[in-house]
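Peer 1: Following this message is one structure expressed as structure tokens.
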Amino acid sequence: MHKNLFLFSLFLYSCSLFSEIVIDPGEIFAIKVDDCPNIQTQRELFVDFAGNKYAILPAPFTKDVLVINKYCLPIKVNKKNFGESRITIENTSMVDLNKSDSERVFKESQLIKQSLNTYSEDLQPSLNFISPVNGIISSRYGKQRYINEKPRSPHLALDLAAAEGTPIIAPSSGRVILIGDFFYSGNYLILDHGNGLLSSYSHMSKIYVEKGEIINQGHVIGEVGSTGRVTGPHLHWSVYLSKQRINPESLIKENYFESLFNGF
């Protein structure tokens, strides 16, 4: 097993053996339903593994230690320094918005939020993800962003830099639920993988799928581009579980799905 994956698996504790689960922001963890019966009343992602049923849950992003008490045992989310990301955008109209652009951004954000609240039960999600593009990681999840030296929201996505026109594939099967040309995100789409697991793709040069289309893992959904607010061609890839943005980089590690159940 890869050393980093082994270390990460140490955070995934069985609730029948430990008094709390300790995990980093943006990671996911498993709780065996038999050990926590009340979790079945909640709207979460459930999977079967080795004859047992598990709830797959997200640790939200936080800048300080956070304890979650909504489950059968406390979930302690660590405080972690993800570092910084500083970019300069020459077109300042994309940074300091006028009234018209601000109104557009608000309308688009509401549309995106509505789509991300989707919870489809007719799709069976898989956590065996593959990378959506053959590129170089240019910005990791969690970094504190500075745009033109001004602090902005943390970067809760994975940026993969690649040449304009590089194919983007679906990392897992799903349904296309939103396509648009947005101020910040440029050519953009959202995939619904089922049961509260969704992913989004920003700054695409071309989109090859249509809203409502069900696609398989590995299907080409578009091409890398530099549309929207960018400094160069790349894919801005976000993944959501139960409305929380999780770390996409973890999902594409080797044997990641199986590692969730270490310790059970």
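Read-outs throughout are calculated quantities, based only on the coordinates presented, and are distinct from any laboratory measurement. Small disclaimer: the values here were computed from a predicted structure and weren't measured. Reconstructed Cβ throughout: ideal geometry from the backbone, glycine too, with neighbour counts over all protein chains shown.
Peer 1: Can you tell me, using C-alpha contacts under 8 Å and at least 6 residues apart, the relative contact order of the chain as a whole percent?
Peer 2: Once normalised by length, the contact order is 20 percent.
Peer 1: Check Leu45: other-chain or 5+ apart residues with amide H under 5 Å from its amide H, H built from backbone geometry?
Peer 2: Ile56
Peer 1: Show me, for region 163-170, the HN-Hα J-couplings you get by feeding each phi into the Karplus relation (A = 6.51, B = -1.76, C = 1.60, θ = phi - 60°), rounded to Hz, glycine and proline as x.
Peer 2: 5, 3, x, 4, x, 10, 10, 6
Peer 1: Follow-up question, since we're still on this one. What distance in nm separates the simple spin-label points at Lys243 and Asp35, each placed 7 Å from Cα in the Cβ direction?
Peer 2: Label at Lys243, label at Asp35, 2.7 nm between them.
Peer 1: Given the options Ser250, Ser199, Ser100, which has the most mean-square fluctuation in a GNM of the chain, springs set between C-alpha atoms less than 10 angstrom apart?
Peer 2: Result: Ser100 has the largest fluctuation of those listed.
Peer 1: Could I ask something else about it? Please list, in chain and number order, the residues 5+ apart from Gly222 or on another chain whose amide H is under 5 Å from its amide H, with Hs placed from the backbone.
Peer 2: Amide H neighbours of Gly222: Ile168, Tyr208.
Peer 1: If you don't mind, there's one more thing I want to ask. For Glu20 and Ser115, what is the calculated FRET efficiency with R₀ set at 25 Å and r taken between the beta-carbons, to the nearest 0.05?
Peer 2: With R0 = 25 Å, the Cβ-Cβ based efficiency is 0.15.
Peer 1: Where does the Debye-calculated log10 I(q)/I(0) of region 47-204 sit at q = 0.10, 0.11, 0.16, 0.17 Å⁻¹, using only Cα point scatterers of equal weight, no solvent?
Peer 2: Normalising to I(0) and taking log10 leaves -0.48, -0.59, -1.25, -1.38.
Peer 1: What ranking, highest mean first, results for peptides 107-117, 138-148, 231-241 when packing means the other Cβ atoms within 10 Å averaged over each residue?
Peer 2: Descending mean neighbour count gives 231-241, 138-148, 107-117.
Peer 1: Using 0.36 nm per residue, how much length does the chain from Ser226 to Gln42 gain when fully extended, once their Cα-Cα distance is taken away?
Peer 2: 62.3 nm
Peer 1: Round to a whole angstrom and tell me the spacing of the C-alpha centers of region 126-146 and region 152-176.
Peer 2: If we compute the Cα centre of each part, the gap is 7 Å.
Peer 1: A follow-up question, please. What ranking of Glu258, Glu84, Glu223 emerges when the number of other C-beta atoms within 10 Å of each C-beta is taken as an exposure proxy, fewest first?
Peer 2: Placing the least packed residue first, the sequence is Glu84, Glu258, Glu223.
Peer 1: Subtract the Cα-Cα distance of Lys211 and Asn255 from 0.36 nm times their separation in residues, and report this length gain in nm to one decimal.
Peer 2: Result for the pair: 12.7 nm of gain on full extension.
Peer 1: Then there is this: Which whole-Hz couplings ³J(HN,Hα) result when phi for each residue of region 144-149 is put into the Karplus expression 6.51 cos²θ - 1.76 cosθ + 1.60, θ = phi - 60°, listed in order with x for Gly and Pro?
Peer 2: With coefficients 6.51, -1.76 and 1.60, one gets 6, 8, 10, 10, 6, 6 Hz.
Peer 1: Could you work out how far helix 99-116 tilts from the main Cα principal axis of the chain, as a 0 to 90 degree angle to the nearest 10?
Peer 2: Roughly 30 degrees, rounded to the nearest 10.
Peer 1: Which ³J(HN,Hα) values in Hz, rounded to whole numbers, follow from the phi angles of region 213-226 under the Karplus curve 6.51 cos²θ - 1.76 cosθ + 1.60, where θ = phi - 60° and Gly and Pro get x?
Peer 2: Those phi angles translate into 6, 9, 10, 9, 4, x, 5, 6, 9, x, 10, 4, x, 9 Hz.
Peer 1: Taking amide H atoms as placed 1.01 Å from N in the peptide plane, list the residues 5 or more away in sequence, or in a different chain, whose amide H sits under 5 Å from that of Arg245.
Peer 2: Amide H to amide H, under 5 Å and 5 or more residues apart or across chains, Arg245 pairs with Phe61.
Peer 1: Give the Rg/Rh ratio for the chain, taking Rg as the radius of gyration of the Cα atoms and Rh as the Kirkwood radius, to two decimals.
Peer 2: 0.97
Peer 1: Also, I was wondering about something else. Which three numbers, in whole Å and largest first, are the semi-axes of the equivalent ellipsoid of region 96-172 derived from its Cα gyration tensor as √(5λ)?
Peer 2: 26, 22, 13
Peer 1: Which of the residue pairs Lys99/Lys143; Lys79/Lys211; Lys76/Lys150; Lys107/Lys150; Lys53/Lys253 have a Cα-Cα distance greater than 27 Å in the structure shown?
Peer 2: Lys99/Lys143; Lys79/Lys211; Lys76/Lys150
Peer 1: Provide the percentage of antiparallel DSSP beta bridges, counting only those with both residues in the chain; round to the nearest 5.
Peer 2: Of all bridge pairs located within the chain, approximately 90 percent are antiparallel.
Peer 1: Work through the residues other than Val239 whose Cβ is under 14 Å from its Cβ and net out their charges, Lys, Arg +1 and Asp, Glu -1.
Peer 2: 0
Peer 1: At 37 °C and a viscosity of 0.692 mPa s, what translational diffusion coefficient does Stokes-Einstein give for region 224-264, taking Rh as the Kirkwood radius over Cα pairs? Give it in µm²/s as a whole number.
Peer 2: D = 256 µm²/s.
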